Amino acid sequence: ALAAFFGVPLGGSLFALEINNRFGIEYYEHVMEAIFSGTVCLCVFRGLAGLDLGAIWTVESGELGPSSPGLVGVGAAVGLCGAATAWIFALFHKRVMAAFRYAGLLEDGKFVARALAGATVVLTIGVLFPRTMFWGEMEFQTIATAAPSSALPHVWPKTGPIDFEMDTLGRAFLLGTAKMIAISFTVAAGYRGGVFFSFF
């Protein structure tokens, strides 16, 4: 089912095997069956829905030239920036969880207050930055191509009270930061799906 949900039989199948484990995929003996059934599931779903096989979005890309040591270095630098971002996010999320614990929101009887506290932060961010609310397959085209917020299909209001648009690198960075804060509070509030589902 995840293969049809994501539209990719390989990624959806492997994700279904690794989501239950903390250290990645562990059910190696079922990999081939999962990939085969994911492919069949995707083909049946697309066939019944009358959809073509392939991505539902179009992202234009230029010609890829030959690689060079400089490009490998750029890739390594980008990877280090990504690792540093993940480390900062982990530290921030640890602080958020500590704040929830200090407020007594992690106790068994406080799940409603915990959910409301998280929802308040997430919805406030969503009102200011509507692009953080939903990153599904229909929104991917808009976000990947930096299209105006008015093109977002499932978000209302589309611009929010500050008319935020992702039209510069700094604003894209601000949007990514707001999205990571929203993810952290979604997880801290106890909503199901962990970091992965709140990303979308």
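The values are calculated or read from the model by the stated rules, or taken from the named source; none is laboratory data. No experiment lies behind these values; they were computed from the predicted model shown. Positions of Cβ are generated from backbone atoms using ideal geometry, with glycine treated the same way; all protein chains shown enter the neighbour counts.
Values as computed for the structure displayed
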| read-out | value |
| --- | --- |
| Odd one out for L174, checked against (1) in contact with a Pro (Cβ under 9 Å, 6 or more places away or on another chain); (2) more than 18 Å from A189 (Cβ to Cβ); (3) of a type in the set (A, V, I, L, M) | (1) |
| Output for the range 136-153, where each listed residue is over 16 Å from the mean Cα position of the chain (by Cα), surrounded by fewer than 18 Cβ atoms within 10 Å (Cβ to Cβ) and in contact (Cβ under 8 Å) with a residue 12 or more places away in the chain | T145, A146, P148, P153 |
| Single condition G7 does not satisfy, out of (1) more than 30 Å from F173 (Cβ to Cβ); (2) modelled with pLDDT under 75; (3) among the small types (G, A, S) | (1) |
| Some residue of the range 121-135 being farther than 19 Å from A182 by Cβ and in contact with a Ser or Thr (Cβ under 9 Å, 6 or more places away or on another chain) | no |
| In the range 117-135, the residues that are assigned to a helix (DSSP H, G or I) and without any contact (Cβ under 8 Å) to a residue 24 or more places away in the chain | T120, L123, T124 |
| Pairs, first assigned by TED's automatic domain parsing to the domain that holds A117 in the range 163-185, second among the charged types (D, E, K, R) and not in a helix (DSSP H, G or I), C-beta under 9 Å, six or more apart | R171/E165 |
| The listed residue being more than 30 Å from G7 (Cα to Cα) and not assigned by TED's automatic domain parsing to the domain that holds G7, out of A117, A144 | A117 |
| Any chance L80 is assigned by TED's automatic domain parsing to the domain that holds I183, at pLDDT 85 or above and surrounded by 10 or more Cβ atoms within 10 Å (Cβ to Cβ) | no |
